[in-house]
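Undergrad: Mind having a look at this structure? Questions to follow.
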Amino acid sequence: MWSVVQIKTLHQHFSAQSVYFALFHSYLTYSILNGGRANKTILLPLTRLQNKAVRTLGYNKTKTTVLYSKHKILKMPDLFQLSVARFMYSFYNGGLPNHFDNYFAEISSVHKYQTRLASLQKYYLPRMKTSLGQLSLKYIGPKIWSNIPENLKSPSPYSFGKKYEKVLLSCQTF
């Protein structure tokens, strides 16, 4: 974070944003598919650290939500949601290793009835009795995938991530 502040004072604002994405954002997104499922109290120190880093890009008195949208930075939960969506996109298009071939069950393999659920989403959402089970990728993956608009599910992997990131940025509240 010190380097972001130093770059901001010495150079243009664009350089500070580049340093943020190079040094801080890359560490934040590393292994977020596993770490993002942790309890909110465990993720709170990381969220606070991200807020401090984003605050260095703007004025200290500005709300962080304004700074996130101004600099087009996703918050920690949105980064996790984007990571899960990319994982599900890879699964949907067969881009994962063979180990994951049967990780998610299609609704048609669970039952043959034409239900509203079968028409709305492709993967079966398993019932989880505990909150720990609801943090599993088997539960979160189909849940997030069913909320993604159908027009985003067909483009290339790179454009899928960029387009879904724009959707998440547009949903950030002030």
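The values are calculated or read from the model by the stated rules, or taken from the named source; none is laboratory data. None of these values were measured; they are calculated from a predicted model. Glycine gets a Cβ as well: all are built from the backbone with ideal geometry, and neighbour counts include every protein chain shown.
Undergrad: Going residue by residue through the stretch 91-100, is there one that turns out to be part of a helix (DSSP H, G or I), touching a Gly at 6+ places or on another chain (Cβ under 8 Å) and modelled with pLDDT of 85 or more?
TA: Yes, the stretch 91-100 has at least one match.
Undergrad: Same structure, new question: So is PHE24 assigned by TED's automatic domain parsing to the domain that holds TYR123 and either part of a helix (DSSP H, G or I) or out of contact with any helix residue (DSSP H, G or I) (no Cβ under 7 Å at 6 or more places or on another chain) (or both) or not?
TA: Judged against the criteria, PHE24 is not a match.
Here's the yes/no breakdown for (1) modelled with pLDDT of 85 or more; (2) assigned to a helix (DSSP H, G or I):
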site: LEU28; (1), (2): yes, yes
site: ALA38; (1), (2): yes, no
site: ILE42; (1), (2): yes, yes
site: THR47; (1), (2): yes, yes
site: ASN51; (1), (2): yes, yes
site: VAL54; (1), (2): yes, yes
site: GLY58; (1), (2): no, no
site: THR62; (1), (2): no, no
site: LEU67; (1), (2): yes, yes
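Undergrad: Confirm whether ALA53 is touching a helix residue (DSSP H, G or I) at 6+ places or on another chain (Cβ under 9 Å), small (Gly, Ala, Ser) and not assigned by TED's automatic domain parsing to the domain that holds LYS143.
TA: Yes, satisfied.
Undergrad: Can you find a residue in the stretch 3-14 that is in a helix (DSSP H, G or I), at pLDDT 80 or above and surrounded by 16 or more Cβ atoms within 10 Å (Cβ to Cβ)?
TA: Among the residues of the stretch 3-14, not one is in a helix (DSSP H, G or I), at pLDDT 80 or above and surrounded by 16 or more Cβ atoms within 10 Å (Cβ to Cβ), which makes the answer no.
Undergrad: Which of the residues belonging to the stretch 69-90 are assigned to a loop (DSSP other than H, G, I, E, B) and surrounded by fewer than 17 Cβ atoms within 10 Å (Cβ to Cβ)?
TA: HIS71, LYS72 - these are the residues of the stretch 69-90 that are assigned to a loop (DSSP other than H, G, I, E, B) and surrounded by fewer than 17 Cβ atoms within 10 Å (Cβ to Cβ).
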